[in-house]
Amino acid sequence: MTGPGSAAAGALEQLAGRGQSLAVAESLTGGLVAGALTAVPGASRVVRGSVTAYATDLKRAVLGVDGALLAERGAVDGEVARQMASGVRRALGADWGIATTGVAGPDPQDGQPVGTVFVAVQGPDGAGEVRRLALEGDRDRIRLDTVEAVIILLLSELTENARAQDTEQHRGN
């Protein structure tokens with residue numbers, strides 16, 4: 001499975017099979033992740049909604065990202081991404097939340113070079129992962145690669161989570 005379309009379909013299929021939902025928090029991708037997910041037929045069974053918190057103050061006000069963290073580290077940070085994913089889960093009442101934050105260019109931001117991106121997935125029972133990416137290319141390429149990376153991370157987390165649950169359920173049998 002490669003590309004955001006097939007990964008999105010796979011992730012949504014996994015979530016639908018579990019009866020679980022998804023919410024999206026985006027910054028540098030500006031709605032592209034939600035667009036890629038909702039392009040999949042049947043996405044409405046799983047996708048609750050999305051928040052494009054492009055401005056830093058919205059990350060705090062809407063998604064509940066810690067204001068002191070934002071003041072100290074800026075918006076381009078792994079913990080900010082994690083809190084965005086957790087915050088959108090809570091705000092939209094979803095089982096899983098995914099988030100993107102970073103620098104698509106043309107200029108550095110928060111002391112981070114262009115191409116520095118953090119993607120995060122947060123799920124039930126503490127499941128989650130944050131990845132730092134160092135992407136290359138122009139603004140469009142960085143944004144598209146971020147969409148693919150966060151959706152693939154979600155699919156990976158769902159697959160790992162399913163394997164862990166299966167192992168737990170069949171231990172000792």
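Tabulated results
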item	result
Single residue of PRO41, PRO106 found to be free of Cβ contacts under 8 Å to residues at least 12 places away in the same chain, part of a loop (DSSP other than H, G, I, E, B) and more than 18 Å from ALA149 (Cα to Cα)	PRO41
Failed item in (1) farther than 25 Å from GLU136 by Cβ; (2) assigned to a helix (DSSP H, G or I); (3) not hydroxyl-bearing (Ser, Thr, Tyr), with ALA36 passing the rest	(1)
Qualifying residue in the range 16-27 (condition: surrounded by fewer than 18 Cβ atoms within 10 Å (Cβ to Cβ) and assigned to a loop (DSSP other than H, G, I, E, B))	yes
Residue tally, condition open to solvent by 40 Å² or more (accessible area, probe 1.4 Å), closer than 22 Å to GLY10 by Cβ, modelled with pLDDT of 95 or more and of a type in the set (A, V, I, L, M), over the range 131-173	2
ALA81 touching a residue at least 40 places away in the same chain (Cβ under 8 Å) and under 22 Å from GLU157 (Cβ atoms)	yes
Residues of the range 80-99 classified as under 10 Å from LEU63 (Cβ atoms) and either open to solvent by less than 10 Å² (accessible area, probe 1.4 Å) or modelled with pLDDT under 95 (or both), total	7
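The values are calculated or read from the model by the stated rules, or taken from the named source; none is laboratory data. Owing to the predicted nature of the structure, the values given are computational and were not obtained by experimental measurement. Every residue, glycine as well, gets a Cβ built from its backbone with ideal geometry; the counts of neighbours run over all protein chains shown. Remember, those area values only see protein heavy atoms, side chains included, never the ligands or the DNA or RNA. Shrake-Rupley method; radii C 1.70, N 1.55, O 1.52, S 1.80 Å.
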